[in-house]
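The values are calculated or read from the model by the stated rules, or taken from the named source; none is laboratory data. The model shown is predicted, which means the values in this text are computed figures rather than measured ones. Ideal geometry is used to build each Cβ from the backbone, glycine not excepted, and the neighbour counts take in all protein chains shown. All accessible areas refer to the heavy atoms of the entire protein, side chains included, with ligands and DNA or RNA removed. Shrake-Rupley method; radii C 1.70, N 1.55, O 1.52, S 1.80 Å.
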Amino acid sequence: MESESESGAAADTPPLETLSFHGDEEIIEVVELDPGPPDPADDLAQEMEDVDFEEEEEEEDGNDEGWVLEPQEGVVGSMEGPDDSEVTFALHSASVFCVSLDPKTNTLAVTGGEDDKAFVWRLSDGELLFECAGHKDSVTCAGFSHDSTLVATGDMSGLLKVWQVDTKEEVWSFEAGDLEWMEWHPRAPVLLAGTADGNTWMWKVPNGDCKTFQGPNCPATCGRVLPDGKRAVVGYEDGTIRIWDLKQGNPIHVLKGTEGHQGPLTCVATNQDGSLILTGSVDCQAKLISATTGKVVGVFRPETVASQPSLGEGEESESNSVESLGFCSVMPLAAVGYLDGTLAIYDLSTQTLRHQCQHQSGIVQLLWEAGTAVVYTCSLDGIVRLWDARTGRLLTDYRGHTAEILDFALSKDASLVVTTSGDHKAKVFCVQRPDR
């Protein structure tokens with residue numbers, strides 16, 4: 001197995017001192033003279049001028065007053081079956097596609113939907129803080145910056161907007177190509193996004209300094225910034241995977257052919273220290289990759305999933321795909337969720353299947369609870385489930401939606417689950433477990 005480096009993909013990409021400001025009619029190059037060769041110790045922080053990429057000291061974000069989960073006026077309950085939720089946010093008028101929680105306090109949510117709207121609202125009572133106005137297509141991506149001071153929203157057409165949370169004012173916007181994914185840098189006000197033309201974009205917000213990483217001539221379908229903040233892994237529709245150096249602008253590793261996937265990538269995850277990457281695809285495979293060497297060190301497929309033939313152009317799979325995956329933070333375990341409803345728990349040390357947990361409908365997303373071996377799943381049947389990955393046992397489930405769950409988020413202390421659904425609602429569930 002060999003990992004190619006394609007230096008030509010971005011060999012001519014200038015450092016961030018050479019910035020492209022994209023106007024409506026032309027591209028104006030603004031070049032600053034290089035004072036000399038960079039110090040080898042320089043990192044992406046210095047390339048991004050005053051952006052500090054160093055780990056900020058974690059502050060204790062305690063909530064002395066506790067969660068206020070009292071029923072409020074205007075909070076809507078499910079009309080069909082039991083509703084285990086504490087709060088329902090009902091201002092969307094169509095399917096709600098995405099949700100993210102503010103990372104500092106976990107008291108705010110941002111949701112985006114098919115109604116071309118995004119809202120920032122309070123988890124404790126569902127009260128609207130402000131609307132992220134101005135989108136003209138479905139809002140499919142939304143998230144808060146690492147310090148919760150900024151919130152970004154992105155729609156399918158590629159219009160991205162950033163708002164300052166405390167002033168509720170829009171501070172930046174940009175029109176890229178059709179949007180596939182969007183993610184904030186883990187330690188700096190830097191936004192990354194992948195588009196249908198194969199580009200991965202990186203902006204410093206709010207001044208808009210821009211850099212692009214050119215992939216193959218097909219959509220950049222998923223991406224993730226590695227924990228070191230200096231690299232990003234991006235998956236593409238043609239099955240290739242690239243690990244990018246965000247400072248130099250070149251791909252450190254390129255996996256394609258048998259090393260890559262045999263179909264479009266759907267999801268990517270990294271472990272806590274960034275040494276391992278897990279990628280998923282419509283080819284039903286999950287590949288475990290060393291972030292250092294770029295080598296595939298494991299390939300996972302549940303025993304019940306039959307091999308899927310390669311798809312010709314224009315053909316669509318009617319069978320199965322990997323929809324979501326992730327690493328456990330306390331045990332050498334990985335979870336992979338499939339469209340056929342299979343949750344597979346793999347032992348990374350032996351690279352064997354440990355448990356298969358079956359859902360009655362497709363898994364949309366999974367998340368590991370920090371500090372435990374509990375994995376959460378949401379699925380097309382509108383139910384959130386908690387699984388003990390050590391035993392494969394279902395711990396509990398939470399109901400209340402009347403349509404499929406499309407996204408969900410978990411608070412840092414795992415006390416709250418926030419879901420979005422095709423029923424036009426977002427819901428807040430209070431997680432109670434006897435073992436805590």
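Observations on the model:
- Where strands (runs of 3 or more DSSP E) fall wholly inside segment 90-136, the ranges with 2 or more residues that are open to solvent by less than 20 Å² (accessible area, probe 1.4 Å) are 96-101, 108-113, 118-122.
- Segment 143-248 holds no strands (runs of 3 or more DSSP E) entirely within its bounds that carry 3 or more residues that are more than 25 Å from Ala291 (Cβ to Cβ) and in contact with a Pro (Cβ under 7 Å, 6 or more places away or on another chain).
- When the residues of segment 271-295 are filtered to those that are hydrophobic (A, V, I, L, M, F, W, C) and open to solvent by 10 Å² or more (accessible area, probe 1.4 Å), the one that is farthest from Thr258 (Cα to Cα) is Leu276.
- Checking each residue in segment 144-159 for being closer than 12 Å to Ala193 by Cα, crowded, with 23+ Cβ neighbours inside 10 Å and touching a Ser or Thr at 6+ places or on another chain (Cβ under 9 Å) picks out Ala152, Gly154, Asp155.
- Yes/no for Lys204 being touching a helix residue (DSSP H, G or I) at 6+ places or on another chain (Cβ under 7 Å), among the basic types (Lys, Arg) and either open to solvent by 10 Å² or more (accessible area, probe 1.4 Å) or within 29 Å of Thr350 (Cα to Cα) (or both): no
- Test: residue in segment 343-363 that is under 29 Å from Val120 (Cα atoms), without any contact (Cβ under 8 Å) to a residue 60 or more places away in the chain, in contact with a strand residue (DSSP E or B) (Cβ under 9 Å, 6 or more places away or on another chain) and open to solvent by 10 Å² or more (accessible area, probe 1.4 Å): no
- Among the numbered conditions (1) open to solvent by 60 Å² or more (accessible area, probe 1.4 Å); (2) assigned to a strand (DSSP E or B); (3) among the small types (Gly, Ala, Ser), the only one that Ser324 does not meet is (1).
- Counting the residues of segment 388-400 that are open to solvent by 20 Å² or more (accessible area, probe 1.4 Å) and either more than 16 Å from Ala373 (Cα to Cα) or in a strand (DSSP E or B) (or both) gives 7.
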